[in-house]
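**Student:** Below is one structure. I have some questions about it.
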Amino acid sequence: MKRLFRRWLDTLWPPYCLLCGQVHSGSIQSICLPCLSDLPRIDTPCWRCGLPIAFDPKFASRQPTQLCGNCLKRTPSFHHCVAPWLYDMPVQQVINGFKHKQQLVYGRLLADLLARRVTEHYADKDKRPTLIIPVPLHQQKLRKRGFNQALEIAKIIARNTQIPLDPHRVQRCKPTTSQQELTAMQRRRNVRNAFVCRKPFQGECVAIVDDVVTTGATCDALASVLSEAGAGEVHVWAVARTLKHPY
Ligand SMILES: [Zn+2]
Ligand SMILES: [Zn+2]
């Protein structure tokens with residue numbers, strides 16, 4: 001019934017790609033297949049931090065759980081990161097349109113893309129996190145922006161994956177300054193003691209959801225609070241990440 005209704009809607013208003021404007025029949029409503037395959041995908045990510053690992057197939061076979069040099073030296077507090085695309089054009093433009101210009105259709109596209117990737121990634125459902133926590137915004141920033149972009153993405157992922165969402169478990173208690181211009185060390189200092197967990201965990205595997213991972217310092221600080229509160233493993237799910245490591 002739902003499928004028939006969708007087909008009827010598609011006949012009346014055919015879906016068009018938000019990136020190239022073409023009418024299309026791809027399975028994600030707001031992006032066509034050629035634009036989807038042109039997104040700057042991270043093909044060989046570090047299991048822990050999600051950064052691309054330079055890999056030469058002539059010399060070794062790559063294990064999916066392989067770690068990058070930075071994570072071998074000092075591992076972040078989170079255990080695994082799923083961030084399929086680089087924070088580069090056009091992903092960067094879509095994230096900025098959603099976050100800073102309130103273009104909600106872009107938010108929907110980001111959430112659909114990440115939900116699809118997460119579903120493919122955890123083929124074994126027993127290995128999936130059992131709770132989703134969006135990275136919280138401080139009240140000041142929430143009032144200014146009007147919405148938490150991480151929560152809006154997390155809501156759609158929770159609905160698509162049927163994994164419960166808890167947006168109230170963690171609070172951002174410190175109004176941190178924007179991370180954009182800071183060095184890795186300044187970022188870590190900036191988010192230190194920024195989060196407080198309001199209810200303990202019972203060893204659950206938890207997924208932190210955000211739009212973009214910059215160095216990973218925010219997720220690192222949040223993951224450390226979740227682990228101290230009893231979370232078993234902490235995974236990070238983000239649409240994109242930059243080429244910076246938290247350490
Ligand atoms: Zn397109
Ligand atoms: Zn790494």
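**Student:** Just the accessible area per residue of the chain, please: how many Å² with a 1.4 Å probe?
**Tutor:** So the chain comes to 55 Å² accessible per residue, rounded to a whole number.
**Student:** Taking the Cα centre of the chain as origin and charging only Cβ (+1 Lys, Arg; -1 Asp, Glu), how large is the dipole, in debye to the nearest 20? Present the calculation step by step, with values, prior to reporting the outcome.
**Tutor:** On the way: 35 positive and 18 negative charges, 131 e Å.
The dipole magnitude comes to about 620 debye.
**Student:** Amide H of GLU204 versus every other amide H placed in the peptide plane: which residues, excluding those fewer than 5 positions away on the same chain, fall under 5 Å?
**Tutor:** Correct list: GLY232.
**Student:** For the stretch 41-241, what is the convex hull (Cα atoms) projected area averaged across all directions, in square nanometres?
**Tutor:** That works out to 11.4 nm², a quarter of the Cα hull's surface.
**Student:** Relative to the longest principal axis of the C-alpha atoms of the chain, give the angle of the C-alpha long axis of helix 104-121, reported between 0 and 90° and rounded to the nearest 10°.
**Tutor:** 70 degrees
**Student:** What are the aspartates and glutamates whose alpha-carbon lies under 14 Å from the alpha-carbon of LYS199, with same-chain residues fewer than 8 places away excluded?
**Tutor:** ASP166, GLU228
**Student:** Considering only protein heavy atoms and a 1.4 Å probe, what is the carbon-and-sulfur percentage of the accessible area of the stretch 44-118?
**Tutor:** Answer for the stretch 44-118 is 54 percent, counting heavy atoms of protein chains only.
**Student:** Among the DSSP beta bridges whose two residues both lie in the chain, what percent are antiparallel, rounded to the nearest 5? Write out the running numbers ahead of the final one.
**Tutor:** On the way: 6 of 24 bridges.
Rounded to the nearest five, the antiparallel share is 25 percent.
**Student:** So, one more: Within the accessible area of the stretch 130-229, what % is carbon and sulfur when the probe is 1.4 Å and the other protein chains stay in place? List each step's numbers first, then the result.
**Tutor:** Details: 2380 of 4900 Å².
Carbon and sulfur atoms account for 49 percent of the accessible area of the stretch 130-229.
**Student:** Per residue of the chain, what 222 nm ellipticity follows from adding -39500 (n - 2.57) for every DSSP H run with n ≥ 4, rounded to the nearest 500?
**Tutor:** About -11000 deg cm²/dmol.
**Student:** Would you mind counting up the charge near ALA184? Only other residues with Cβ under 11 Å from its Cβ, with Lys and Arg at +1 and Asp and Glu at -1.
**Tutor:** +3
**Student:** Sticking with this one: How would LYS99, LYS144, LYS244 rank on accessible area, largest to smallest, probe 1.4 Å?
**Tutor:** Largest accessible area first, the residues go LYS144, LYS244, LYS99.
**Student:** Using only Cα atoms, find the angle between the long axis of helix 91-101 and the longest principal axis of the chain, and express it within 0 to 90 degrees, rounded to the nearest 10.
**Tutor:** Compared with the principal axis, the helix lies near 90 degrees.
**Student:** Sticking with this one: So, counting K/R as plus one and D/E as minus one, what does the shell of residues with Cβ under 11 Å around PRO45 add up to? Write out the running numbers ahead of the final one.
**Tutor:** Numbers: positive: ARG41, ARG48, ARG62, ARG241; negative: ASP43.
That sum, taken over residues with Cβ under 11 Å, equals +3.
The values are calculated or read from the model by the stated rules, or taken from the named source; none is laboratory data. Small disclaimer: the values here were computed from a predicted structure and weren't measured. Note that each Cβ is placed from the backbone with ideal geometry, even for glycine, and that neighbours are counted across all protein chains shown. Side chains included, ligands, DNA and RNA excluded: accessible areas come from the protein's heavy atoms. Shrake-Rupley method; radii C 1.70, N 1.55, O 1.52, S 1.80 Å.
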